[in-house]
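The values are calculated or read from the model by the stated rules, or taken from the named source; none is laboratory data. Please read all numbers here as calculations on a predicted model, not as lab measurements. Quick reminder, even Gly has a Cβ in these numbers, built from the backbone with ideal geometry, and neighbours come from all protein chains shown. Only protein heavy atoms, including side chains, enter the accessible area calculation; ligands, DNA and RNA are left aside. Shrake-Rupley method; radii C 1.70, N 1.55, O 1.52, S 1.80 Å.
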Amino acid sequence: MSLLVVGSVAFDTIEMPSLLRQQQPGGSALYFSAAASYFCAVRLMAAVGDDWPAENTAQLEQLGVDTRGLERIEGQQTFAWRGRYAEDLEQRETVDLQLNVLEQYQPRLPACYRDSRLVFLANGLPRIQLAVLDQIDSPELVIADTVDDWIRSEREDLMRVLARIDGLMINQSEAVLLTGQQDLPAAGRALLELGPRLVVIKCGERGSLAISRDEVYSQPAYPLAQLLDPTGAGDSFAGGMLGYLSQQPQLSEASWRQALAVGTVMASFCLEGFSIDRLASIDAGEIETRLADLPRVSDD
Ligand code: AMP
């Protein structure tokens with residue numbers, strides 16, 4: 001099934017307790033595309049400024065990503081995000097966010113993307129998520145992500161997004177911020193009331209929780225020996241999940257569980273490198289090996 005992602009392509013500045021990384025390629029759609037590229041020819045929809053190096057786009061194309069929807073706008077600068085991590089590399093705050101090219105961006109979906117069956121509305125302005133959704137013929141499954149910045153400043157548009165999606169992926173702290181519920185299953189159920197029929201709450205090294213009306217299912221994280229940079233892990237998780245689903249003839253409950261496992265494995269590769277360095281260099285067999293080693297929660 002064809003898979004489309006719309007989201008940010010960015011220059012990131014990352015502050016970690018003992019390290020500063022400036023201007024590294026990032027963005028929700030970049031990480032998602034790199035992770036999903038191991039499963040299908042993902043269609044990328046985003047805007048960059050004329051400061052975005054052509055070799056970054058070429059790297060995506062080498063991974064098999066369809067970049068016909070990556071619009072380069074002359075005279076504009078690429079979206080820039082600066083995040084600061086706490087000592088545990090789990091807690092993170094946005095220190096600066098420059099919309100730049102996204103401020104006036106009116107996405108025009110290429111005609112060849114209109115028939116996309118699976119759609120991921122990666123973290124980005126809810127206004128842009130809605131505009132892209134309006135241009136897709138009849139998607140089978142729409143999943144979205146968001147962050148605290150948009151929960152605080154674009155709540156109305158975000159509510160419109162939630163009403164139109166099948167699934168929501170969200171961080172633990174953002175689920176609490178959006179619903180006011182501290183208890184995660186309760187936060188998940190409150191989010192179900194807003195529209196989606198599946199909510200995946202990402203809990204960092206504690207794994208993830210999938211909540212539907214019928215069940216709550218948890219997937220532990222992959223036990224990594226060393227973590228370099230957590231940026232983009234959530235997007236890589238989503239890329240693995242939807243990439244896997246794009247290969248399935250039918251979306252059964254078993255396929256959702258396996259999708260969560262594949263997402264967990266793809267996030268683990270992201271954590272091992274800066275930007276998409278590690279994600280772009282996964283050897284054949286490494287994904288299968290990690291999947292086989294991944295801790296699972298049994299039903300009995
Ligand atoms: P993650 O660590 O999975 O939450 O994703 C981090 C990536 O999302 C970074 O590369 C940022 O460029 C991008 N990002 C952070 N905040 C935003 C935002 N408010 N809108 C769009 N993209 C963002």
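Within segment 214-226, the set of residues being without any contact (Cβ under 8 Å) to a residue 24 or more places away in the chain and either of a type in the set (D, E, K, R) or buried (at least 18 other Cβ atoms within 10 Å of the Cβ) (or both) comprises Asp214, Glu215.
Within the group Asp229, Asp277, which residue is touching a residue at least 24 places away in the same chain (Cβ under 8 Å) and of a type in the set (Asp, Glu)?
Numbers: Asp277 fails: touching a residue at least 24 places away in the same chain (Cβ under 8 Å).
Being touching a residue at least 24 places away in the same chain (Cβ under 8 Å) and of a type in the set (Asp, Glu) holds for just one of Asp229, Asp277, which is Asp229.
Please find, within segment 199-208, the residue that is farthest from the ligand (Cβ to nearest atom) out of those that are open to solvent by less than 30 Å² (accessible area, probe 1.4 Å) and out of contact with any Pro (no Cβ under 6 Å at 6 or more places or on another chain). It comes out as Val199. When Ala34 is tested against the conditions (1) open to solvent by less than 10 Å² (accessible area, probe 1.4 Å); (2) under 16 Å from Tyr113 (Cβ atoms), the lone failure is (2). The strands (runs of 3 or more DSSP E) falling completely within segment 91-152 that include 1 or more residues that are closer than 30 Å to Pro17 by Cβ map to 92-98, 141-145.
Residues in segment 230-272 that are open to solvent by 10 Å² or more (accessible area, probe 1.4 Å), of a type in the set (Phe, Trp, Tyr) and either within 15 Å of Pro220 (Cβ to Cβ) or within 16 Å of the ligand (Cβ to nearest atom) (or both): Phe237 only.
Of the residues making up segment 120-130, not a single one is open to solvent by 40 Å² or more (accessible area, probe 1.4 Å) and either free of Cβ contacts under 8 Å to residues at least 12 places away in the same chain or within 24 Å of Leu271 (Cα to Cα) (or both).
Pairs meeting the criteria (first residue in segment 25-36 and over 10 Å from Leu242 (Cα atoms) and more than 8 Å from the ligand (Cβ to nearest atom), second residue part of a helix (DSSP H, G or I) and open to solvent by 10 Å² or more (accessible area, probe 1.4 Å), beta carbons under 7 Å, at least 6 apart or on different chains) are Pro25/Asn56; Ala34/Ala280. Just one of the listed residues (Ala111, Ala80, Ala122, Ala86) is more than 24 Å from Pro25 (Cβ to Cβ) and aliphatic (A, V, I, L, M), and it is Ala111.
Given the structure, is Ala190 in a helix (DSSP H, G or I) and open to solvent by 10 Å² or more (accessible area, probe 1.4 Å)?
Values: in a helix (DSSP H, G or I): yes; open to solvent by 10 Å² or more (accessible area, probe 1.4 Å): yes.
When the stated conditions are applied, Ala190 passes them.
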